[in-house]
Every structure is written in structure tokens, then in C-alpha cells.
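A short write-up of the structure that comes next.
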Amino acid sequence: MDASSPRRPRIMRHPAQVVALAFAAVASVGTVLLLIPVSRRGEGGATLVEALFTAISALCVTGHVVVDTREHWSNVGLVVILALAQIGGFGIMTSASLLGVFASRRLGLRSRLLTATESRGLDLGDVRTVLLGVVRVSVALELLTAVVLSARLFLGYGRPFSSALWEGTFLAISSFNNAGFVLRGNSMTDFVSDPWMCLPVVVASFLGGLGFPVLLELRRQFRLPRRWSLHTKLTLATTVPLLVLGTLFLTVNEWHNPATLGPLDWWARPLAGLFQASATRSSGFNSVDITQLNGGSWLVMDVLMFIGGGSASTAGGIKVTTFALLAVAVYAEARGEPTVSIFARRVPDRVVRQALTVALVSVAVVVVATTLLVEMTRAPLDMVVFEVVSSFATVGLSSGLLVQLPDSGQVILALLMFIGRLGPITLGAALALRERTRMYEYPEGRPIIG
């Protein structure tokens, strides 16, 4: 580098660090605001752990709660929680998209051209497009969902107009941002058989979980699937089957369970199965009692939560593109193919290695957190795994263990939510930014596998 050229601060050369620090700063501000006595109902203020856990849960759009949202927090506290969820959803979609823009600019010319070709839904040279696009998409979808939900609460349940509007708006913002917060202690169980309440939430969380690049491209070229980018095709081709298979399994497995789907009408059971399968992608709502699900349902939900939603979306997990690339790589290796190809496109080896790194690091985080909580609580392993995966994938569904944890256990889950929310994004960006070309190769060696 030219000695005369200005030297950038080290942190500016690693924008992923800026994102993590920004989220930490907002979480700190949110914690302070929730600690103020006016944010809590009744006398006195919230405890530090209650405020910290709730602030991180809202900002990381998780929905985990250690206290009843409606009963514990005042209207001021609820506004703070809603603002944190909105900032979190907007921030994740924006920061992930911008990190993709920044990473593409740091790549070589050939890689930049390839990235631009395969990301036609996102103008890699226009940051303003990303910011305005995320705002427009978020506001439009949240507004539409709020109108439907508020109208249903007002007309169908006789709620006062102001109350219906407030609850409908709160639920709409929470749905699109996959935040999982509701103004009812029993989440969506009161509406388990109401498609006018359940389906808007499913649609909003589904769209929020696709990611801004996909939504923008679908808006521009919805009727031209042949022109969709590889990222959009891969996201949809993985998301839809996972949702369908999850719905079928949960519906069939819980069909006769007297504590979940059993008491419902036959037509309401698939609706409840769809709602719960959709919630595992990251929204974290529940229309049935999660603690009463069969063991097989918990296991399948663990898998769906860990996979999560789309990249640059409000959903968590390792992301469906990561899962899809690893699945395709396994299939290619089983067939003895020298390269990984999908939708008539060859995937670079470095991208497959990045996906493998994100997945294995995520598994390691889940294993470490599970071990700590098992040793701390001596709780059943399936309950701990469900709680850990739900926190890491920023889902917010609970096996019932969360409220039983001591403060130290809740702090571990809060840290896990923060890592799970930003970890895959920042790790993926860091790996892309560290891409380099080596001018030599070592002699080939072949260790024994298996």
C-alpha cells in the first residue's frame, strides 16, 4: 500500500465487527430503557437479567421471554420491545445485504462479475437501493398484515378499535420480523382454529424469512422464474419443501395427541400443523402447547429451527442456502462428481467450504451451550437441546425449561441468541472477505476417510 495513502482504522476493514458492535450498543440501550421503572407495570423496575434478556430477545428477533410480556411490561416497555424488534429485523436485513455488497467489492474482478450475475435482485453498487428497499418492503408487508389482523380482532372478536389496532399492529411487526412477541401470555393458542388470524401471521413470517434480496427479485421478476438468480432459486427450492414436509410430519405425528391437535376439528389440525411448522423457521409463535408435543415432533422441530430461513432475512439458523449447498455437495460426492453443480451452475469450492464452516461452527456452539446447561440444571437432554437450538436459531419456542433456569442459565441463552443472530452473518462475511489466491500448491496427500 502506498505510504502516502490514508490508513483506514482496523475496525473499518472488518465491517462484520461494526455490525456486531452496533447490535451490542443497541442491546445495551434497550436494557437501560427496560430497567427504568416506568417500563414495568406495578412498583419498582425490572431486574437486570429480565431487562437484558428481554432486550436481547427483542433485538435478535427471538421472542424468548422470562416474564409475561403483557402483564410485566407497561405500555412504555411494550413500545421499547416493539422498537427493538423493528430495529433488529430492519438491521439484520440491511446489514446482511450490505455485508454482501461490501464483500463483493473486496473480491477479484472475476468473482465480482459472477456475484453480480447471480445476485440480479440486488444492485451491488447502490447502498441506497438496499436501505430504501428494505424500508419499503418492511413497511408495506407489515402494514398489510396489521390491517388484516386488526380488522379480524375488531370485527370477529369485538375488541375495541384502539385495542384491536394496537394488538394487530404489534403482532404484524412481530410476525414479519420473526420476533415471536405477542400481547398474550399463551401466544396464539386462542386462535388455533382461526385462519384469519393464523394465516396472515404465517404469510408475514414466511416472507420475512425469505430475505430482502429474494423479495426484491420476486417483486421485479415474479413471472419470470427462469431469470431468477441462483440464490433465489436455491432459497425457494429449499424453503418450500421444508415447510411442506414439516407441516405434514407435525400434523400426522400430533393428529391423535390429546394435548395438542387431538381436540381440534379435523380441518383445524392441518392449520395448526402449518402454523407450527412455519413458526420453527424463526417466528417462534405457538398455537398449541409446545411442552406437550411428542418427542419426535421436538426432534423434527430441532432440525427445522437449526436450518432456519433465508440469508439476509429476519429468520435465524444456519440458513437454508447453507443447508442446501451441503446437501448438494454430499449428493455430488456420493455420485463421484468432481464439482458441485445446481440449477445448471457450478458452485465454487470455496463457497462450499464456507457453508461447511458456518454449519460446523454452529454445531460446536450448540454442543458447548447444551453441555453447560445440562451440567448446570441436570434437566432432560431433549428439553435442553430444544431450548438451546431455539435460542441459537432465534426462534423463541420453549420446552418449558427457560423459566426454570437460574439467572446464569438465562444469561447463557441471551448470549446464545446474540451469537446465533449475528454469528452466521458475520462469519460468512468474514470468510468471504478473507478470500485470497495462493500462488503455489502443496503436494497432494490422501488420508483414509471412514
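Figure legend. Inter-residue proximity from region 349-361: first residues touching a residue at least 40 places away in the same chain (Cβ under 8 Å) and of a type in the set (A, V, I, L, M), second residues open to solvent by less than 70 Å² (accessible area, probe 1.4 Å) and not in a helix (DSSP H, G or I), beta-carbon distance below 6 Å, spacing 6+ or different chains. Indicated pairs: VAL358/ILE318; ALA359/ILE318.
Here LEU372 fulfils each of the conditions (1) surrounded by fewer than 19 Cβ atoms within 10 Å (Cβ to Cβ); (2) free of Cβ contacts under 8 Å to residues at least 40 places away in the same chain apart from (2).
THR251: open to solvent by 40 Å² or more (accessible area, probe 1.4 Å) and either assigned to a helix (DSSP H, G or I) or among the charged types (D, E, K, R) (or both), yes or no? So THR251 fails the test. Please name all residue pairs, on different chains or six or more residues apart, with Cβ atoms under 8 Å, provided the first residue is in region 63-76 and is over 14 Å from PHE53 (Cα atoms) and the second residue is not hydrophobic (A, V, I, L, M, F, W, C). If the second residue must be not hydrophobic (A, V, I, L, M, F, W, C), the pairs left are ARG70/ARG184; ARG70/GLY185; GLU71/ARG41; GLU71/GLY185; SER74/SER39; SER74/ARG40; SER74/ARG41; VAL76/SER39.
In region 322-331, the qualifying residues are those that are within 22 Å of ALA312 (Cα to Cα) and touching a strand residue (DSSP E or B) at 6+ places or on another chain (Cβ under 9 Å), and the one that is surrounded by the fewest Cβ atoms within 10 Å (Cβ to Cβ) is VAL328.
Consider ALA334 carefully, then state whether it is closer than 30 Å to ARG226 by Cα, surrounded by fewer than 14 Cβ atoms within 10 Å (Cβ to Cβ) and modelled with pLDDT of 90 or more. It is true that ALA334 is closer than 30 Å to ARG226 by Cα, surrounded by fewer than 14 Cβ atoms within 10 Å (Cβ to Cβ) and modelled with pLDDT of 90 or more.
Selection of region 305-319 for residues being part of a helix (DSSP H, G or I) and open to solvent by 20 Å² or more (accessible area, probe 1.4 Å) yields only PHE306.
Filtered by the rule that a residue be out of contact with any Leu (no Cβ under 6 Å at 6 or more places or on another chain), among the small types (Gly, Ala, Ser) and in a helix (DSSP H, G or I), region 52-67 gives a lone residue, SER57.
If the requirement is being over 14 Å from GLY284 (Cβ atoms), among the small types (Gly, Ala, Ser) and in a helix (DSSP H, G or I), which of these qualifies: SER193, SER162, SER205, SER174?
On the way: SER193 fails: in a helix (DSSP H, G or I); SER205 fails: over 14 Å from GLY284 (Cβ atoms); SER174 fails: over 14 Å from GLY284 (Cβ atoms).
Only one candidate qualifies: SER162.
Pairs meeting the criteria (first residue in region 260-278 and over 22 Å from GLY317 (Cβ atoms), second residue charged (D, E, K, R) and open to solvent by less than 10 Å² (accessible area, probe 1.4 Å), beta carbons under 6 Å, at least 6 apart or on different chains) are THR260/GLU254; LEU261/GLU254.
Per-residue answers, yes or no, for (1) surrounded by 22 or more Cβ atoms within 10 Å (Cβ to Cβ); (2) of a type in the set (Val, Ile, Thr); (3) within 17 Å of THR69 (Cβ to Cβ); (4) at pLDDT 95 or above:
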residue: THR117; (1), (2), (3), (4): no, yes, no, no
residue: ASP126; (1), (2), (3), (4): no, no, no, no
residue: VAL139; (1), (2), (3), (4): no, yes, no, no
residue: THR145; (1), (2), (3), (4): yes, yes, no, yes
residue: ALA151; (1), (2), (3), (4): no, no, no, yes
residue: ARG159; (1), (2), (3), (4): no, no, no, no
residue: SER162; (1), (2), (3), (4): no, no, no, no
residue: SER175; (1), (2), (3), (4): yes, no, yes, no
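The numbered conditions (1) at pLDDT below 90; (2) surrounded by 20 or more Cβ atoms within 10 Å (Cβ to Cβ) are all true for GLU71 except (2). Every test in (1) polar (S, T, N, Q); (2) touching a residue at least 12 places away in the same chain (Cβ under 8 Å); (3) out of contact with any Lys or Arg (no Cβ under 9 Å at 6 or more places or on another chain) is passed by SER313 save one, and that test is (3). Residues of region 40-60 that are more than 20 Å from VAL403 (Cβ to Cβ) and either β-branched (Val, Ile, Thr) or within 27 Å of the chain's Cα centre (by Cα) (or both): LEU59 alone.
The values are calculated or read from the model by the stated rules, or taken from the named source; none is laboratory data. Since the structure is predicted, the reported quantities are computational estimates derived from the model, not experimental observations. Cβ: placed from backbone, ideal geometry, glycine included. Neighbour counts: every protein chain shown. Surface accessibility is based on the protein's heavy atoms, side chains included, excluding ligands, DNA and RNA. Shrake-Rupley method; radii C 1.70, N 1.55, O 1.52, S 1.80 Å.
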